[in-house]
Structures are given as structure tokens and as C-alpha cells.
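> One structure is given below, represented as C-alpha cells, and several questions about it will come after.
The values are calculated or read from the model by the stated rules, or taken from the named source; none is laboratory data. All values derive from a computational prediction rather than experimental measurement. Here the Cβ positions follow ideal geometry from the backbone for every residue, glycine too, while neighbour counts run over all protein chains shown. These accessible areas exclude ligands, DNA and RNA; they are computed on the full protein's heavy atoms, side chains included. Shrake-Rupley method; radii C 1.70, N 1.55, O 1.52, S 1.80 Å.
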Amino acid sequence: QVQLVESGGGLVQAGGSLRLSCAASGRTVYRMGWFRQAPGKEREFLAAITWLGFNTNYADSVKGRFTISRDNAKNTVYLQMNSLKPEDTAVYYCAAPDPSTGAYHYWGQGTQVTVSS
């Protein structure tokens, strides 16, 4: 089992920045991802990072504005979000895959990010 707890959401003005954190506990996770879901929309992949390999990938919608990173000593993954736009308003989730399938299976409770214009 893997437990994930997000933090760092809040209200920010357009153009501002926020850093989200996701603390993981339980079994070792080898990849972590960030997703978001806006009202009335499907959950959207944002970014992922391998736990040991330093490999990252991003959705085109956030490339150049968002940065995913991790601190292995703290078992924590971060999402630095810069140049925020009102359309970035959503609930943000971190997730970890089931190692047997590779599909994202473990999810945090989500943290609300609201960007005002």
C-alpha cells in the first residue's frame, strides 16, 4: 500500500506561483505523477518523475511553467507552478502506479488551486 498526502494549494493571482508537495509513505514508489481535475472536466495528466532515474515528462499544457522534482530523503515530490493562469484552477492530485501494472493506482486526497484573474 502507498499513502499520498498533498499540500500547498491555495488562492493565487494570475501570474503568481505555488509549490505543491506530495508526501509518500508505505511501499517504495518508482514513479510519481501529478494530475488535476477542473469542474466539469476529465482528470488531466500534468507531469511525472521517476523516483531514482531523474527522468521527467510533462503535458504540453504546462511545459515550461511547471516543474516536478523530488526529495528522496523526505519521500516527497513537488510541483512548482509558475506563471499561473485562471485556467489552471483545479483540484490537484498526486498519484503513484501499481508496480504490477504500471497504471496509476494510488491517489492523494487532492489540494485545491484557485487562480484569480
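> Mind checking which residues of segment 1-38 are open to solvent by less than 30 Å² (accessible area, probe 1.4 Å) and in a loop (DSSP other than H, G, I, E, B)?
Answer for segment 1-38, where residues must be open to solvent by less than 30 Å² (accessible area, probe 1.4 Å) and in a loop (DSSP other than H, G, I, E, B): 16, 29, 38.
> Name the one entry in 69, 83, 100 that is open to solvent by 30 Å² or more (accessible area, probe 1.4 Å), more than 19 Å from residue 10 (Cα to Cα) and either in contact with a Pro (Cβ under 8 Å, 6 or more places away or on another chain) or not in a strand (DSSP E or B) (or both). Break it down into steps so the answer makes sense when it comes.
Values: 69 fails: either in contact with a Pro (Cβ under 8 Å, 6 or more places away or on another chain) or not in a strand (DSSP E or B) (or both); 83 fails: more than 19 Å from residue 10 (Cα to Cα).
When all the criteria are applied, what remains is 100.
> Looking only at segment 59-117, which residues are within 13 Å of residue 46 (Cβ to Cβ), touching a helix residue (DSSP H, G or I) at 6+ places or on another chain (Cβ under 9 Å) and touching a residue at least 40 places away in the same chain (Cβ under 8 Å)?
81, 113
> Output the residue which, of all residues in segment 1-38 that are β-branched (Val, Ile, Thr) and at pLDDT 90 or above, is nearest to residue 82 (Cα to Cα).
Going through the qualifying residues, I end up with 12.
> Let me ask another. Quick one: residue 41 ticks every box in (1) modelled with pLDDT under 95; (2) open to solvent by 40 Å² or more (accessible area, probe 1.4 Å); (3) out of contact with any helix residue (DSSP H, G or I) (no Cβ under 9 Å at 6 or more places or on another chain); (4) not in a strand (DSSP E or B) bar one, so which box is it?
(1)
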